[in-house]
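Written below as structure tokens is the structure these notes are about.
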Amino acid sequence: MAAKKKSEQPTNHDYGPNPVNLTAAFSTKAIFPRFNVWIVGRTPLITHAWSEKARREMLGKQLKATKGGREIRDPQAEFISSLYDLGDGTYGFPATGVKKSFLSAAHKDKGIARVAVLSSLWIDAEMVRCRPALAGAVCDMPLVRIYSGAPEMREDMVKIGSGLNKVANLAYRGQFRFWAMNLKGRFSSAVLTPEAIAMLIQESGSSDGLGEWRNSKGGVFGSFSLATETEEHAWNAFARGAGPLPVPEDYREDIAAE
């Protein structure tokens, strides 16, 4: 019987005369242009941050801890807890919520796939440390500042629970009547264009919105749009402390006068 031929092992000369230089490929930096835009609220923004009390109750339920007696409600404390405090007397909104709103307007049929926007758009945010339910744990939240006047406490009738167990209750949350956000960040120019980002902002501002009772949740609150040139100048002046709180041009005069 003839002996089987051993398979020849490839040598360095078997990979062709012009091998690809991967080191050179990775040394080429990707282009990530920066953007700086103002979005202006067209309807009031309602925030509803998880309170420390709600976190503790959730943790206690999961740890099968003994449940104490029902505490007397404190509407003022609930209102304060609903705000995302930046720690310097100003308030913010989760950057993840802003990006999620933009993503709602993306679709492959529009030529802008949601997954492409998700991996190609980054919003700058301040990392604010919140008080966790578990001692020793950390909870850093990326927040974008809300430019506005002082938040108002609003009272709403809500239903809590699920199915047939829903019961009526009163909710006390923060509301920003006239508001805007100065959004800064980066995007991949290989995937997105400035025109595409502007389209996402404009469409998501009316079809989705931000915060509680937004359009996508059956409400009318938290709608926004890109600032006009006039509005951008006005909000920049307000942010510098060199101008009054701007009132959006499309607010009704009787509301603005109150």
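For the range 69-106, what are the residues that are touching a residue at least 12 places away in the same chain (Cβ under 8 Å), closer than 18 Å to Leu200 by Cα and charged (D, E, K, R)?
Listed by number, the list holds a single entry, Lys99.
Take the residues in the range 123-157 that are surrounded by 15 or more Cβ atoms within 10 Å (Cβ to Cβ) and of a type in the set (Gly, Ala, Ser), then tell me which one is nearest to the chain's Cα centre (by Cα).
Ala125
Within the set of pairs 6 or more residues apart or between chains, which connect a residue that is within 15 Å of Gly41 (Cα to Cα) inside the range 233-258 to a residue that is at pLDDT below 60 with Cβ atoms less than 8 Å apart?
So the pair list comes out as Val247/Ala256.
Hey, does the range 147-163 have a residue that's of a type outside the set (Gly, Ala, Ser), free of Cβ contacts under 8 Å to residues at least 60 places away in the same chain and over 19 Å from Gln76 (Cβ atoms)?
Within the range 147-163, one or more residues are of a type outside the set (Gly, Ala, Ser), free of Cβ contacts under 8 Å to residues at least 60 places away in the same chain and over 19 Å from Gln76 (Cβ atoms).
Looking at the range 187-211, which of its residues are in a loop (DSSP other than H, G, I, E, B) and either at pLDDT below 95 or over 16 Å from the mean Cα position of the chain (by Cα) (or both)?
Within the range 187-211, Ser188, Ser189, Ala190, Val191, Leu192, Thr193 meet the criteria.
Any idea how many residues of the range 33-52 are modelled with pLDDT of 90 or more, of a type outside the set (D, E, K, R) and in contact with a Ser or Thr (Cβ under 9 Å, 6 or more places away or on another chain)?
The total comes to 9.
Run down Ser119, Ser162 and say which single residue is surrounded by fewer than 13 Cβ atoms within 10 Å (Cβ to Cβ) and within 19 Å of the chain's Cα centre (by Cα).
Ser119
Just give me the residues in the range 147-186 being assigned to a strand (DSSP E or B) and hydroxyl-bearing (Ser, Thr, Tyr), in sequence order.
Matches in the range 147-186: Tyr147, Ser148, Tyr172.
Name the single residue that is farthest from the chain's Cα centre (by Cα) among those in the range 100-116 being over 13 Å from Leu192 (Cβ atoms) and charged (D, E, K, R).
Top of the filtered list is Asp109.
The values are calculated or read from the model by the stated rules, or taken from the named source; none is laboratory data. Computed from a predicted model, the values in this text were never measured in an experiment. Cβ coordinates were reconstructed from backbone atoms using ideal geometry, including for glycine residues, and neighbour counts include every protein chain displayed.
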